[in-house]
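*Asks:* Questions regarding the structure given below will be posed in turn.
Any read-out appearing in this document is the output of simple, stated calculations on the displayed coordinates, not a laboratory observation. Just so it is clear, the structure is predicted and the values come from calculations on it, not from any experiment. FYI the Cβ positions are ideal-geometry reconstructions off the backbone, even for glycines, and counts take in every protein chain you see.
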Amino acid sequence: MRNTRIATRLGALALVLAQILAQPGGAQSFTIDKDTWFGAPQARQTLEIIATADTELFAPVINAYIAQNPDLRIRYSEAPSIDTHIAITEAGAQFDLVISSAMDLQIKLANDGFAAPIAPSGAESLPDWARWRDLVFSVAQEPAVLIVHDSVLRAGHAIPRSRHDLIDLLRENPQMFDGRIGTYDPVTSGVGYMFATQDARATDSFWRLSEVLGRLNARLFCCSFDMLEAVRAGELLMAYNVIGSYAATHLDADDPVHLIELQDYTLTLLRTALVPINARAPQQGVDFLSFMLSEQGRRLIAEAARLPPVDVLEFLNAPHLRPIQLDPGLLTGLDQQIRQQFLNEWTAAMEQP
Amino acid sequence: MFSGQPRSLRRSLAIQLVVLAAVLAIGLYLAVLYSAQRASQATMDAILGAATLSMASNLRATDQGVRIDLSPSTLSMLSATGQERLFYRFAIDGQVLSGYQDLPVLALPSPAVTPVFYDGSYRGAELRLATVSRALMLDGTLTPVQVIVGHTRDGQRRIAAQLAQNAAIFGLLLFLLSIPLSLVSAGNLLRPIRTIAQAVGRRGAHDLRPVRQPAPTELLPLVGALNAFIARLKAAFHHTETFLAEAAHHIRTPLATLRSEGELLLRTTEDDSQRQHIRRMIRSADECARSAGQLLEHATILYRAEQLEQTEIDLRTLTARMVERFRTIAEMREMSFTLSLPDTACPIQADQVLLEAALRNLLDNAIKYAPSETDIHVTLTQPGTGYRLCVRDHGPGIGGVPTAQLVRRFQRGLAAEHIVGAGLGLTIVQEVAETLGGSFSITDATGGGACATLELPQG
């Protein structure tokens with residue numbers, strides 16, 4: 001049954017991707033999940049942001065910025081990463097800033113000439129790996145963590161420290177974890193797909209882990225938030241590759257959930273921003289980006305949005321953290337053929353009898 | 001021939017050197033830019049070519065068609081140098097399998113084995129592209145699959161521009177340094193000319209010795225020509241002076257005879273009108289003899305000026321002696337000298353003959369032009385390092401005529417109409433003053449009369 005489900009989804013996805021990656025073609029439609037206006041309606045200046053992050057996450061940062069610029073109103077459009085991409089490329093929608101966690105799509109926008117060269121203040125403090133040319137700039141670094149329900153520990157199991165430990169734990173306790181482990185669906189989630197390809201690059205264990213997950217009838221999710229909720233509710237015992245910052249934002253201190261950064265390596269996603277070439281008010285976009293990179297902006301992102309701002313020291317202190325390389329190497333993941341081949345392999349691994 | 005400012009050798013030499021340095025600096029910039037671009041282009045092409053080949057060799061024929069294996073590391077590497085933008089495509093017969101459909105292509109079919117490089121423009125970026133094809137067995141036919149990879153070369157350009165900029169800065173420093181250097185060297189080169197010019201310029205009016213200053217080979221023709229000119233001038237000068245002296249001498253003797261014959265005639269003639277004629281004749285003979293004497297003296301002065309015999313003379317004693325010599329003549333005209341001399345001796349390095357000639361003419365002039373029963377003041381002072389000899393009479397003065405006009409040869413003052421003289425007296429004083437490195441001026445004195453001032457240096 002799952003076989004057919006995956007096959008259907010693969011077909012649908014191939015169609016979407018063909019549309020994304022095909023150069024010509026008519027105007028494409030894109031979905032905005034949520035459109036929110038901040039600031040006084042009579043403000044004379046307007047800044048339009050399209051972003052993949054939840055509106056609530058960035059609301060404190062936006063409100064602080066508007067407090068400093070009372071004559072500005074900000075539209076925050078929350079959209080899935082693929083829709084964000086279509087909005088800028090195919091649909092030609094005009095936004096002044098794109099903030100997305102889909103690094104590959106951001107790089108593709110920049111590489112294909114949809115990003116304007118900019119020089120936000122504060123960018124000089126960014127390490128080389130946190131920016132690409134004068135086009136893409138990181139505003140947050142977010143590790144992909146393993147979340148574990150407290151009941152696993154109460155059952156007497158040690159917390160897995162590496163993927164190797166995780167595979168052993170799952171293999172040894174099939175009854176306990178069957179149907180109660182979750183991960184991203186690389187087919188529907190851009191971030192999930194990126195995590196999977198990066199994992200496949202980083203370790204051979206990935207394919208073994210995929211096989212084990214397949215055998216345990218792992219549940220596939222579109223979003224970190226859903227996985228988090230499922231673990232908190234006790235439906236899942238573990239979720240693999242959850243964006244840590246979501247967990248930090250949504251969890252209460254007394255929730256029976258543990259966040260684990262696996263010590264063999266922990267992928268770190270860079271949430272990046274760029275100003276599209278067709279922006280109506282590009283300077284507004286640059287100014288807001290400068291604000292996010294400023295001392296105050298970084299503090300707000302860390303404390304109010306609870307996203308870890310880019311921090312070189314973090315990587316020195318925690319050598320297992322591995323930033324995903326922000327460069328055109330990510331383009332391979334978007335290649336239609338490569339993607340299909342990878343997903344075929346992944347599906348095959350998940351479908352092991 | 002030249003208009004306006006004369007051309008400066010030093011300036012044009014400096015300008016030429018500076019222009020040369022500027023050309024060198026620009027040349028350095030262009031050469032470094034060119035070679036840096038060439039070098040980095042070759043390196044980057046090698047990397048691009050290797051990446052293209054590796055992408056081509058990873059192509060596999062499968063039952064489903066071509067299987068593409070695109071390594072993220074390869075793309076990362078291609079983008080690494082300057083965070084380059086990157087484009088690729090795989091195609092069979094123009095049918096794109098994967099990648100960017102409308103990448104610029106070569107007109108020729110892509111070669112196998114060795115990639116071909118070309119430049120293109122795509123999505124607002126200048127690309128360097130490489131293409132290669134790989135034959136795969138698809139559905140039983142060997143089909144060439146074309147691979148194109150292109151990337152921007154911003155990093156390469158930045159590095160080359162940086163290198164060239166450094167070279168240009170170096171060149172510019174060289175350029176700036178060359179300005180004072182070339183000025184100094186131009187000055188050094190031209191120094192002998194200045195030295196010779198100064199040596200010639202320092203000479204007295206009648207110093208016609210050849211130039212003996214050491215001169216560089218290049219200036220020898222100029223110095224030679226100058227010396228030859230001086231020699232010719234000297235010869236011509238000599239000739240004239242000798243001629244004048246001889247002429248004066250030859251005139252003086254018959255004039256003396258003429259005068260004595262005239263006086264004899266005067267004594268024997270009773271007729272008043274004839275005596276009047278004879279007196280006028282004697283007077284003319286006197287005038288003529290005096291002129292001849294001055295001409296002779298003038299010639300002597302010029303001759304002495306050429307070969308100065310400088311000895312130490314006490315100007316105080318000399319002045320006193322000369323005044324004594326003229327006192328008798330003055331008394332005959334019922335004039336008196338008032339002499340005012342310093343208390344101590346006044347040593348001076350000078351030619352005695354010249355000095356005496358100058359003093360003689362000064363005193364002679366004063367006696368001649370002042371009316372009888374007046375006083376002549378002769379004052380010798382020592383202002384600063386030199387001496388000032390002042391002869392003041394109470395005659396009619398010079399009527400505001402400038403000194404330069406009075407000292408001209410055969411030029412006579414307004415008051416000189418009835419006085420015997422050739423107009424060479426002040427010329428001689430002036431020439432002596434010049435030869436001895438001093439100066440001479442004659443002005444109207446306050447309270448009437450003229451004041452002749454001779455200024456002389458000590459040595």
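*Asks:* How high is the relative contact order of chain B, in percent, counting Cα pairs under 8 Å that sit 6 or more residues apart?
*Replies:* Rounded, it is 11 percent for chain B.
*Asks:* Follow-up. Residue-wise, which Karplus ³J(HN,Hα) couplings in Hz belong to segment A:176-181, taking 6.51 cos²θ - 1.76 cosθ + 1.60, θ = phi - 60°, and x for glycine or proline?
*Replies:* Rounded to whole hertz, the list is 5, 9, 4, x, 10, 10.
*Asks:* When the convex hull of the C-alpha atoms of the protein assembly as shown is computed, what volume per residue in Å³ does it have?
*Replies:* Working: hull volume 277.9 nm³, N = 812.
Enclosed volume per residue, from the Cα hull, is 342 Å³.
*Asks:* As I understand it, the value is the acute angle between the Cα axis of helix B:352-369 and the longest principal axis of the Cα atoms of chain B; what does it come to in degrees, rounded to 10?
*Replies:* That helix lies at roughly 60 degrees to the long axis.
*Asks:* Okay, moving on. Once a ≥ b ≥ c are taken as the square roots of the eigenvalues of the Cα gyration tensor of segment A:166-237, is the result rounded (a/c under 1.5), prolate (a/b larger than b/c) or oblate (a/b not larger than b/c)? Don't skip to the end; give the middle numbers.
*Replies:* Working: a/c = 2.20, a/b = 1.08, b/c = 2.04.
It is oblate, given that a/c is not under 1.5 and a/b is not larger than b/c.
*Asks:* Please report the antiparallel percentage of DSSP beta bridges with both residues in the protein assembly as shown, rounded to the nearest 5.
*Replies:* So the antiparallel bridges in the protein assembly as shown amount to around 75 percent.
*Asks:* So for the pair B:V353, B:L233, with labels modelled 7 Å out along Cα→Cβ, what separation do we get in nm?
*Replies:* Result: 2.2 nm between the two label points.
*Asks:* Follow-up question, since we're still on this one. Between 0 and 90 degrees, rounded to the nearest ten: what's the tilt of helix B:315-332 against the longest Cα principal axis of chain B?
*Replies:* With rounding to tens, the tilt is 40 degrees.
*Asks:* Next up: Per residue and in cubic angstrom, what volume does the convex hull of the Cα atoms of segment B:66-169 have?
*Replies:* Residue-normalised Cα hull volume stands at 117 Å³.
*Asks:* Percent relative contact order of segment B:310-459, based on C-alpha pairs within less than 8 angstrom and at least six residues apart?
*Replies:* Relative CO of segment B:310-459 lands at 24 percent.
*Asks:* Distances longer than 39 Å among the Cα atoms of chain B: what percent of all pairs is that?
*Replies:* Every Cα pair in chain B considered, those over 39 Å come to 59 percent.
*Asks:* Of all beta bridges DSSP finds with both residues in chain A, what is the antiparallel percent, to the nearest 5? Write down the numbers at each step before the final one.
*Replies:* Numbers: 25 of 44 bridges.
Around 55 percent antiparallel, to the nearest 5.
*Asks:* Using the Karplus curve 6.51 cos²θ - 1.76 cosθ + 1.60 with θ = phi - 60°, work out ³J(HN,Hα) for each residue of segment B:289-294 in order, rounded to whole Hz, and write x for Gly and Pro.
*Replies:* Each residue's phi maps through the Karplus curve to give 5, 5, 4, 4, x, 5 Hz.
*Asks:* Tell me, B:T381, B:T311 in order of fewest to most beta-carbon neighbours within 10 Å?
*Replies:* Ranked by crowding around the Cβ, least crowded first: B:T311, B:T381.
*Asks:* Can I ask one more? Say we join alpha carbon atoms closer than 10 Å with springs in a Gaussian network model of chain A; which of A:G285, A:G39, A:G156 then has the biggest fluctuation?
*Replies:* A:G156
*Asks:* Across bins of 5 angstrom width beginning at 0, how are the C-alpha pair distances of segment B:310-459 distributed, in whole percent?
*Replies:* Reading the bins upward from 0: 2, 10, 20, 24, 21, 14, 7, 1, 0.
*Asks:* Tell me, how many Å apart are the Cα centres for segment B:234-299 and for segment B:423-459?
*Replies:* The distance from the Cα centre of segment B:234-299 to that of segment B:423-459 comes to 28 Å.
*Asks:* Under 5 Å between amide hydrogens, which residues at least 5 positions from B:I376 or on another chain qualify, with H placed 1.01 Å from N in the peptide plane?
*Replies:* B:S336, B:F337, B:T338
*Asks:* Still on this structure: Which angle between 0 and 90 degrees, to the nearest 10, do you get for helix B:154-202 versus the longest principal axis of chain B when only C-alpha atoms count?
*Replies:* 10 degrees
*Asks:* How big is the gap, in Å, between the Cα center of segment A:132-201 and the Cα center of segment A:282-353?
*Replies:* Using only Cα atoms, the two centres lie 15 Å from each other.
*Asks:* So what is the 222 nm mean residue ellipticity for chain B from helices alone, if each DSSP H run of at least 4 adds -39500 (n - 2.57) and you divide by all residues, rounding to the nearest 500 deg cm²/dmol?
*Replies:* On the way: 9 runs with 242 residues, N = 459.
It lands at -19000 deg cm²/dmol.
*Asks:* Compute the Kirkwood hydrodynamic radius of segment B:203-307, taking the inverse of the mean of 1/r over all pairs of distinct Cα atoms, and give it in Å to one decimal.
*Replies:* Working: mean 1/r = 0.0584 Å⁻¹.
After inverting the mean inverse Cα-Cα distance, the result is 17.1 Å.
*Asks:* Normalised by the residues of segment B:203-307, what does the relative contact order come to in percent, with Cα pairs under 8 Å and at least six apart?
*Replies:* Normalised by residue count, the contact order of segment B:203-307 is 37 percent.
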